[in-house]
Every structure is written in C-alpha cells, then in structure tokens.
Amino acid sequence: MAGITDRPFRLLARRFGAGLAISEMLSSRPELRDSRKSRLRRDHAGESGPISVQIAGGEPQMLADAARYNVDQGAQIIDINMGCPAKKVCNVNAGSALLEDEALVARILQAVTAAVAVPVTLKIRTGPHPARRNAVAIARLAEAAGVQMLAIHGRTRACAFGGSAEYDTIAEVKASVRIPVVANGDIGTPEEARRVLERTGADGIMVGRAAQGRPWLFREIAHFLATGERSAPPSPGEIAQVLREQLHGLYDLYGPEQGARIARKHIGWTVRALPGGEAFRRRANEIVEAGAQLRAVGEFFEGERLAA
Ligand SMILES: Cc1cc2nc3c(=O)[nH]c(=O)nc-3n(C[C@H](O)[C@H](O)[C@H](O)COP(=O)(O)O)c2cc1C
C-alpha cells in the first residue's frame, strides 16, 4: 500500500505472521527510478524473503523493463498493480484503468512474464465498473500469460472504496483458474478472515487497512484459523514496544525529520482504540522532533500500563 507498507511496516507484518508483505507500488517510468521516493520504496534491507515489489504503469515494454530493473535490484517476485483507482495513477492509464482494455492487459502480462525469471503476480479489482465485472476474463488472461498468483480486491474501479467488497465475484474467479487466488477487501477481524476464505474458496487472504496500527492482526488471524479460538490481544507493553520499533525504523529509513512526520499517522492508528488515544493523537500531531515524539509515546504508554 502506497504510503503505508514501507520497510518498517513490512518487517512488523512479516514478524507477526503475514506470509508476504508487498512493497508500495513503484512507477515503471525510468525517469523516476532514481528519485528519493523510489529509492526509499525499493529499500528492503533486513527483510526476509521473498521480496515482492509492485510495479505500476500502462506500457508493456516499460513495465517489462521496470520488472527487469527491480529484479536486478533484488526483487524475488514482481507484482503488477491493476487495482489502484487513484486519479494520479489512472490518468496515465495504469492501475485499475487497465482493466478496461483486456488486449492491453494481455500484452502487459506477456511482456512482464517474458522479461523476468522470477514469479510474476497480479493485483486487480473486479472490473472497471459494476456493469462490467471482467475479473474472470482478466484472471484467465493472467493464467495464460504465466502469472503465478492473483490478488483481487472485491470492488470495481468505479466503486473506489465505497460499498462493501463483493466476495461472490472473487469466488467466481477462484473457480475459473488454477493459479492461487488471494481474496482482498474489508477483512478486519479473524472471524471475517475465515468467513471470506469459506465464502470465496480463495487460497489466501490479503489484509490492508485493518492492519494499519495493528500489525499483530496477522498473528491473531493465523491463530484463529489454526485453532478456531481468539488469542489474547496484545498488552499495552507489547503495543508500546511494537510502535517504538516502528518509529525507530521510520527515523532510520526516512531520516528523523521526515520519519517523525510519517510516524504521526501510524501513532494515530495505533492509539485510536486505547483510552485517551484520540486526545493523545491530536497532541502527538503537534510534535515535530523525533526524540520528543518517542518520549511522548513512552509517557502515553506508561500511563496506559499504570492504568491497566
Ligand atoms: C492508502 C492506500 C494505499 C494503497 N496503495 C496500494 C498500492 O500501492 N498497491 C495496491 O495494489 N493496492 C493499494 N491499495 C489497496 C489495498 O491493497 C487493498 O486492495 C484495499 O485497501 C482493500 O483492502 P482492505 O479492505 O483490506 O484495505 C491501497 C489502499 C490504501 C487505503
């Protein structure tokens, strides 16, 4: 997820049991390769494999070149973004805008799978709009091109993030291809994870927004799927430790100034469900300096611990 699944977040997600944590999308445009943003998005230092890098773009040759470049830089899986509804991405005919043009989708998939020896995976939505849910056709094209796994967010491009995810379309896709299908959209609890797996027949699930500020959700889901029982929630002490680690990771990756700015949203997501969390989030948003941010977080959780 762009702006979210940077290296510190991926490290936590994997540690808590996520089977795969894919990079933020990287533009396929060669002139953007050396930008600071691209360099930071390509940073996988310390991550255990497989390193999966998502590329976005709309031109087969450019995507093939980007795939090759990222494999040279250490990618062990190339994931292609055909799911993003953002204007910035779709205006250049990339992301989910591609779903309109099945011939172009086929050319892109063939070019990318031919360009690299590593597995290529694909992320899609269920179609361009509710009147044209062509996910099954896209999935078949993907399978024919040699794509090795398909993740589907159960909404059309036009639906953006509105309404609720349509798991029936994901079930149809799963029944139509032999490659592994990963169901995505609105999974927020271990029970929902199980329901979506049952309803779609999918081989796996993908969790996005619900893991923001809650990377231990992967541990909770894995435990529930294995045992049918809920595990104990993390203690305030564990939450504090996880957040501190994330903050250090952010300062380290982005530098203390930008790192502290980026950390604000993660702090907000982490404390939102805790008593006094909302007031603390507002206060923490005013803090500029990394050291002061760390101290404030420490004090908030010390208060939590004493109250517990
Ligand atoms: C802020 C944000 C950024 C996202 N960036 C990406 C991205 O870079 N690549 C991608 O495939 N999906 C991206 N997504 C979509 C998610 O991967 C996921 O498909 C969507 O949020 C639905 O799943 P969820 O309900 O579990 O969040 C993004 C979503 C959000 C909210």
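The values are calculated or read from the model by the stated rules, or taken from the named source; none is laboratory data. Please read all numbers here as calculations on a predicted model, not as lab measurements. Positions of Cβ are generated from backbone atoms using ideal geometry, with glycine treated the same way; all protein chains shown enter the neighbour counts.
Report yes if GLY228 is surrounded by fewer than 15 Cβ atoms within 10 Å (Cβ to Cβ), closer than 19 Å to ALA45 by Cα, of a type outside the set (D, E, K, R) and without any contact (Cβ under 8 Å) to a residue 12 or more places away in the chain, otherwise no. Spell out the reasoning first.
Values: surrounded by fewer than 15 Cβ atoms within 10 Å (Cβ to Cβ): yes; closer than 19 Å to ALA45 by Cα: no; of a type outside the set (D, E, K, R): yes; without any contact (Cβ under 8 Å) to a residue 12 or more places away in the chain: yes.
Considered against the rule, which asks whether it is surrounded by fewer than 15 Cβ atoms within 10 Å (Cβ to Cβ), closer than 19 Å to ALA45 by Cα, of a type outside the set (D, E, K, R) and without any contact (Cβ under 8 Å) to a residue 12 or more places away in the chain, GLY228 comes out as no.
Would you check which residues across region 13-50 are crowded, with 19+ Cβ neighbours inside 10 Å and within 13 Å of the chain's Cα centre (by Cα) and list them?
Residues of region 13-50 that are crowded, with 19+ Cβ neighbours inside 10 Å, as a first pass: 13, 16, 18, 20-28, 41-42, 44.
Scanning region 13-50 gives ALA13, ALA18, LEU20, ALA21, ILE22, SER23, GLU24, MET25, LEU26, ARG41.
For (1) modelled with pLDDT of 95 or more; (2) in a helix (DSSP H, G or I), each residue gets a yes or a no:
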position	(1), (2)
GLN246	yes, yes
GLN258	yes, yes
ARG261	yes, yes
ALA273	no, no
GLU278	yes, yes
GLU286	yes, no
GLN293	yes, yes
GLY298	yes, yes
ARG305	no, yes
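Can you name the residue in region 1-12 that is within 13 Å of the ligand (Cβ to nearest atom) and not β-branched (Val, Ile, Thr) and, of all such residues, is surrounded by the fewest Cβ atoms within 10 Å (Cβ to Cβ)? Walk me through how you get there before you give the answer.
Quick first cut of region 1-12, residues within 13 Å of the ligand (Cβ to nearest atom) only: 1-6, 9-10.
Narrowing the set further to residues that are not β-branched (Val, Ile, Thr) leaves 1-3, 6, 9-10.
Numbers: MET1: 17, ALA2: 18, GLY3: 9, ASP6: 22, PHE9: 20, ARG10: 25.
Out of the qualifying residues, it is GLY3.
What tally of residues in region 24-50 results from selecting those that are away from the ligand (no atom under 14 Å from the Cβ), in a loop (DSSP other than H, G, I, E, B) and over 16 Å from GLN61 (Cα atoms)?
10
Just for region 191-214: of the residues that are buried (at least 21 other Cβ atoms within 10 Å of the Cβ) and more than 13 Å from the chain's Cα centre (by Cα), which one is farthest from ALA240 (Cα to Cα)?
That would be THR200.
Return the residue satisfying two criteria in turn: it lies in region 199-221 and is assigned to a helix (DSSP H, G or I) and touching a helix residue (DSSP H, G or I) at 6+ places or on another chain (Cβ under 7 Å), and of such residues it is nearest to the ligand (Cβ to nearest atom).
Here is the first cut: in region 199-221, the residues assigned to a helix (DSSP H, G or I) are 199-200, 209-211, 217-221.
Of the ones still in play, those that are also touching a helix residue (DSSP H, G or I) at 6+ places or on another chain (Cβ under 7 Å) are 199-200, 210-211, 217-218, 220-221.
On the way: ARG199: 15, THR200: 14, ALA210: 6, ALA211: 8, LEU217: 10, PHE218: 12, GLU220: 15, ILE221: 12 Å.
Step by step, filter region 199-221, then rank; the result is ALA210.
When you check THR156 against the structure, is it modelled with pLDDT of 95 or more and within 14 Å of the ligand (Cβ to nearest atom), yes or no? Give the derivation first.
Numbers: modelled with pLDDT of 95 or more: no; within 14 Å of the ligand (Cβ to nearest atom): yes.
Judged against the criteria, THR156 is not a match.
Can you spot a residue in region 132-142 that is closer than 20 Å to PRO180 by Cβ, within 14 Å of the ligand (Cβ to nearest atom), in contact with a strand residue (DSSP E or B) (Cβ under 9 Å, 6 or more places away or on another chain) and modelled with pLDDT under 95?
Checked against the condition, which is being closer than 20 Å to PRO180 by Cβ, within 14 Å of the ligand (Cβ to nearest atom), in contact with a strand residue (DSSP E or B) (Cβ under 9 Å, 6 or more places away or on another chain) and modelled with pLDDT under 95, region 132-142 yields no hits at all.
Among the residues of region 140-170, which ones are of a type outside the set (Val, Ile, Thr), buried (at least 16 other Cβ atoms within 10 Å of the Cβ) and closer than 24 Å to LEU217 by Cα?
Within region 140-170, MET149, LEU150, ALA151, HIS153, GLY154, ARG155, ALA165, GLU166, TYR167 qualify.
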